[in-house]
Amino acid sequence: MKRKHTHVMGNALMVLGLVVMIFGVGYSVLNQMPQLQLPQFMVHGAIFSIFIGALLWLVGARISGREKIADRYYWVRHCGDKRCRQGNRQH
């Protein structure tokens, strides 16, 4: 795949994951209101959709290359070049 297509596909998966997570959280919260009378058997599916959405988000970040930038920054900051280290200071 071309680089542009991988970015688009990764971003689409990240958006899909975000939508699935928001739907799962929203349904779980709305299910706590007794006046709505939503079916109880879908609660487990809504909670499971939060994890599926997070997984889609991570797959999209991996495909689009966004994950590598954060990993590199962490490595350089904590374990890499001595000029980039903060010393023994705690954050």
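The values are calculated or read from the model by the stated rules, or taken from the named source; none is laboratory data. Quick caveat: nothing in here was measured; it's all calculated off a predicted structure. Here Cβ is always computed from backbone atoms with ideal geometry, including for glycine, and neighbour counts include all displayed protein chains. Just the protein is used for accessible areas: all its heavy atoms, side chains included, with ligands, DNA and RNA removed. Shrake-Rupley method; radii C 1.70, N 1.55, O 1.52, S 1.80 Å.
So, of the residues in region 14-24 that are under 14 Å from Arg62 (Cα atoms) and out of contact with any Ser or Thr (no Cβ under 8 Å at 6 or more places or on another chain), which turns out to be least open to solvent (accessible area, probe 1.4 Å)? Break it down into steps so the answer makes sense when it comes.
Taking region 14-24 first, the residues under 14 Å from Arg62 (Cα atoms) are 14-15, 17.
Applying the additional criterion that residues be out of contact with any Ser or Thr (no Cβ under 8 Å at 6 or more places or on another chain) yields 15, 17.
Numbers: Val15: 91, Gly17: 0 Å².
Checked region 14-24; the qualifying residue least open to solvent (accessible area, probe 1.4 Å) is Gly17.
Does region 35-58 contain any residue that is assigned to a loop (DSSP other than H, G, I, E, B), of a type in the set (Gly, Ala, Ser) and either more than 19 Å from Val19 (Cβ to Cβ) or modelled with pLDDT of 75 or more (or both)? No: region 35-58 contains no residue that is assigned to a loop (DSSP other than H, G, I, E, B), of a type in the set (Gly, Ala, Ser) and either more than 19 Å from Val19 (Cβ to Cβ) or modelled with pLDDT of 75 or more (or both). Take Gly65 and tell me if it is touching a residue at least 12 places away in the same chain (Cβ under 8 Å) and surrounded by 13 or more Cβ atoms within 10 Å (Cβ to Cβ). Spelling it out, it is not the case that Gly65 is touching a residue at least 12 places away in the same chain (Cβ under 8 Å) and surrounded by 13 or more Cβ atoms within 10 Å (Cβ to Cβ).
Just a yes or no: is a residue in region 25-45 closer than 23 Å to Arg62 by Cβ and open to solvent by less than 50 Å² (accessible area, probe 1.4 Å)? Checked against the condition, which is being closer than 23 Å to Arg62 by Cβ and open to solvent by less than 50 Å² (accessible area, probe 1.4 Å), region 25-45 yields no hits at all.
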